[in-house]
1. So which strands (runs of 3 or more DSSP E) are wholly in region 1-114 and hold at least 3 residues that are closer than 27 Å to Y157 by Cα and over 28 Å from the mean Cα position of the chain (by Cα)?
2. Taking the criterion of being at pLDDT 75 or above, under 30 Å from T474 (Cβ atoms) and open to solvent by less than 50 Å² (accessible area, probe 1.4 Å), would at least one residue in region 495-511 satisfy it?
3. Can E197 be described as on the phi < 0 side of the Ramachandran plot, among the charged types (D, E, K, R), over 43 Å from the mean Cα position of the chain (by Cα) and at pLDDT 70 or above?
4. Would you please list the contacts, defined by Cβ atoms under 6 Å and residues six or more apart or on different chains, that run from a residue in region 251-269 that is closer than 16 Å to H328 by Cα to a residue that is surrounded by fewer than 15 Cβ atoms within 10 Å (Cβ to Cβ) and at pLDDT 80 or above?
5. Taking the conditions exactly as written (crowded, with 19+ Cβ neighbours inside 10 Å and of a type in the set (V, I, T)), does V85 satisfy them or not?
6. Residue check: is I326 open to solvent by less than 40 Å² (accessible area, probe 1.4 Å), at pLDDT below 95 and farther than 18 Å from F463 by Cα?
7. Looking at (1) open to solvent by less than 20 Å² (accessible area, probe 1.4 Å); (2) on the phi < 0 side of the Ramachandran plot; (3) at pLDDT 90 or above, can you tell me which one G159 breaks?
8. Kindly list, by first and then second residue, each pair from a residue in region 40-64 that is farther than 11 Å from S8 by Cα and open to solvent by 50 Å² or more (accessible area, probe 1.4 Å) to a residue that is among the hydroxyl-bearing types (S, T, Y) and not in a loop (DSSP other than H, G, I, E, B), limited to pairs with Cβ atoms under 8 Å and residues at least 6 apart or on different chains.
Amino acid sequence: MGLLLEASNITHFIRDRKLIATETLRIHKGDRIGLVGKNGSGKTTLLQILAQKNTAETGKITLYGTIELVPQLKQMNTTKSGGEVTQAYINTALASNADILLADEPTTNLDTFHIEKVEKQLQKWKGALILVSHDREFLDTLCTSIWELEDGSITEYKGNYSDYQQQKELKLYQQEQAYENYVKKKTQLEEALELKEKKAQRATKKPKQTSNSEAKITGAKPYFANKQKKLRKAAKAMETRLEKLEKVEKVKETTPIKMNLPNEDAINNRRSLIRVENLEGQIDQRLLWNKVSFQIKGGDKIAIIGANGTGKTTLIKKLLHQTKQIHHSPAMKIGYFSQNLDVLDTSKSILQNVSDTSNQTETLIRTVLARLHFYRDDVYKQVAVLSGGERVKVAFAKLFVSDINTLILDEPTNFLDIEAVEALEELLVDYEGTVLFVSHDRRLIHTVATRIMAFEDQTIKMFMGTYEDYKQDTNVSNQDSTEQELMVIETKITEVLGKLSLEHSEQLEQEFQALIARKGELQRTKA
C-alpha cells in the first residue's frame, strides 16, 4: 500500500496542557480510519495539523499526495439549512478527488436519510479517509481501523468501531483477571508473612514439652534464637516481595440503578399515559402531518424518527400539554429535555444542581453521575467550569433523577462524545419509566427503542417493534412497491413499443427512453 502521509513527533499544547504527543502516524492508500476520543481530546486539532491548516509546536509532516478537509465548524449561509450546508461541503470535498479526505463530523445537522446518503458516497470514495464522528453506525459502516486519541497519544485498533469495542472489552477483562491475580498473590503473601511473624515470636519461647534439664543438654536457647533469626529473615524477604508486587488497579464496576418512580404501578401495569385523538400538525398553513390517533403506555420506549422539518419537535412539544386531542393520565409525570442548559445554576456544584430537584437518595444520585463519568470528587466541581458536553450530561442527570416517570427527549445526544452517548444509552435501557426520544443516532434507536414512531409523507406511523424490525418491514414494503411499479413499467413499455411499431414520433421515443431509464433505476434498487 503506497504511503500518502507521514507525521513524525507531533506535539501540540493548549495553554499548559499537552494536547497531542504522537511519535509516528502514517496514512496509506485505501486506509479508512475512524478517529475517536472524548470531547476536548484534540481530534479536530489533529485533523487541522494533518491538513496543514494548523501548525504544531514540534514535528514534521510529509505529504505524498493531495489532501482535503471537511471542517467541523461549517460556515452557515442563512438561505440554506444546516443539513444543506453540510451536504454542500461534502459534495465539494468529494469533487476535489484528493488522495486523502479528512472529514470532521460530516453528519452534522443531517437526518437519517441524508446520513445514509453520505455513507454511500463515502463508501464509493477511492481515496484514503480519516473520519471523526460520534455516529457509531457510521463508523461501523465505513472504517477498517480505529485511532483512539487519549492523553495526547494514538492507539490503533484493527477493524471497525464494533471491533474496537470488543478489543477494549477484552482489555478490561484482562485487567480484571490481572487484578484478581494481584489480590490473590497479595493475600497469600500477607497471610504467609503473618504466619512467619507468629512463628518468629514463638521461636524464643521454651517448648512446653521440654524439661529444664533437656534444655540445658540440647542448648535450646541458642537453637531457638537462631531459628527466630531465620524466620525474621524470611519475613523480611516476604515484605520485600510485597513491596515489589506490581499494583493492578481495580476495574470500575457499573452499579445497577433501581429508582423509586412516582406511580410505579401505572408503569408496571402498562396503563395508557397519553392518548392522542385526531391530532393534526400545521405550522403557518403548512401541513406537517395528517390527523393521527395513538396511545403511549407505561414503560414504552418510543423512538421518533423522520427527515428534518417533518414535525418531530412540534409533536413532542404538543404532547407536553393537555388539549382536546391530547389526554394525559393523572399518573403520568413528564420531564422534558431539549438541550436547554438554563435549568443549571452555574454557581453551584454538579451534585447540588442535580440534588436540588430530586427526591432520590444521594447514593443513587452519585451512582447516576458516576454512570455519566462524574466520579468521586468530580461531583463537587462548579458547573461554571464544565464544557458544553459536560453541562448537557448534568442537565440530563438532573432531569433523570427528578420526580418524574416519563422522559421526553429532543436530540439528547447532541454535543456528546461517544463515551457519553453510550453512558446515556445504558441509563435509558435500564430506566423503568416511559421514554419518548427524537434522534438520528441509529445505534441509540436500535438499542433503546421498543416502538418506532415514523414521520413519512405527512403521516405518522406507529410501529410495534424494534428499529431493526421496522427497517426490515420497510425494506419488504419498498420491495413490494418496487415489484408493482416494475410490472406497470413493463406494461407501459409494451404499449409504447406497439405504438412505435405503427408510427414513429419524437414524443413516443422520449417516453420510451424515460420508461427504460426508470426500469433500470428500479432494477438497481431491487438488486
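1. Per the criteria, 3-14, 58-63.
2. Looking for residues that are at pLDDT 75 or above, under 30 Å from T474 (Cβ atoms) and open to solvent by less than 50 Å² (accessible area, probe 1.4 Å), one finds none in region 495-511, hence no.
3. Values: on the phi < 0 side of the Ramachandran plot: yes; among the charged types (D, E, K, R): yes; over 43 Å from the mean Cα position of the chain (by Cα): yes; at pLDDT 70 or above: yes.
Yes; evaluated as a whole, the condition is true for this residue.
4. P262/D403
5. When the stated conditions are applied, V85 does not pass them.
6. Numbers: open to solvent by less than 40 Å² (accessible area, probe 1.4 Å): yes; at pLDDT below 95: no; farther than 18 Å from F463 by Cα: yes.
So I326 does not fit the description; no.
7. (2)
8. From region 40-64, the pairs are N54/T45; E57/T11.
The values are calculated or read from the model by the stated rules, or taken from the named source; none is laboratory data. This one's a predicted model, so the numbers in the text were calculated from it and none came from an experiment. Glycine gets a Cβ as well: all are built from the backbone with ideal geometry, and neighbour counts include every protein chain shown. Note: accessible area is taken over every heavy atom of the protein model, side chains too, but ligands, DNA and RNA are not part of it. Shrake-Rupley method; radii C 1.70, N 1.55, O 1.52, S 1.80 Å.
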